[in-house]
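Q: Before I ask anything, here is the structure I am working with.
The values are calculated or read from the model by the stated rules, or taken from the named source; none is laboratory data. Quick caveat: nothing in here was measured; it's all calculated off a predicted structure. Here the Cβ positions follow ideal geometry from the backbone for every residue, glycine too, while neighbour counts run over all protein chains shown.
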Amino acid sequence: MLMIKPALAYLDIIAKVKEITNLPIAAYHVSGEYSMVKAAAQNGWIDGDKVMEECLMSIKCAGADFILTYAAREVAEKLKAGY
């Protein structure tokens, strides 16, 4: 497995690495990326749930096989609830 961090800043790197290796790619959605979404949502500037979903989807679309994120519990609870 190869891990790439920070995930959002390196989406292009995730995609390139995915092209040139058969190893599984893990992307680490670091605390700063998580915190910026949470802070903007708390200030009412964005829909935090939608932006977090978009962040994680962009990491997956770039080619990550695994995403390590501070949002894991929240996302899992929302998926379980049928979000």
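Q: What residue, among those in the range 1-27 that are within 22 Å of Ala71 (Cα to Cα) and assigned to a loop (DSSP other than H, G, I, E, B), is nearest to the chain's Cα centre (by Cα)?
A: Going through the qualifying residues, I end up with Ala7.
Q: Considering every residue within the range 39-56, establish whether at least one is surrounded by 15 or more Cβ atoms within 10 Å (Cβ to Cβ), within 20 Å of Met3 (Cβ to Cβ) and modelled with pLDDT of 95 or more.
A: yes
Q: Which of the following residues is surrounded by 12 or more Cβ atoms within 10 Å (Cβ to Cβ), of a type in the set (S, T, N, Q) and modelled with pLDDT of 95 or more: Thr69, Thr21?
A: Checking each option against the conditions leaves just Thr69.
Q: Out of (1) modelled with pLDDT under 95; (2) aliphatic (A, V, I, L, M); (3) surrounded by 11 or more Cβ atoms within 10 Å (Cβ to Cβ), what's the single condition that is false for Leu11?
A: (1)
Q: Working only within the range 72-83, note down all residues that are surrounded by fewer than 14 Cβ atoms within 10 Å (Cβ to Cβ) and among the hydrophobic types (A, V, I, L, M, F, W, C).
A: Hits for the range 72-83 are Ala72, Ala76, Leu79, Ala81.
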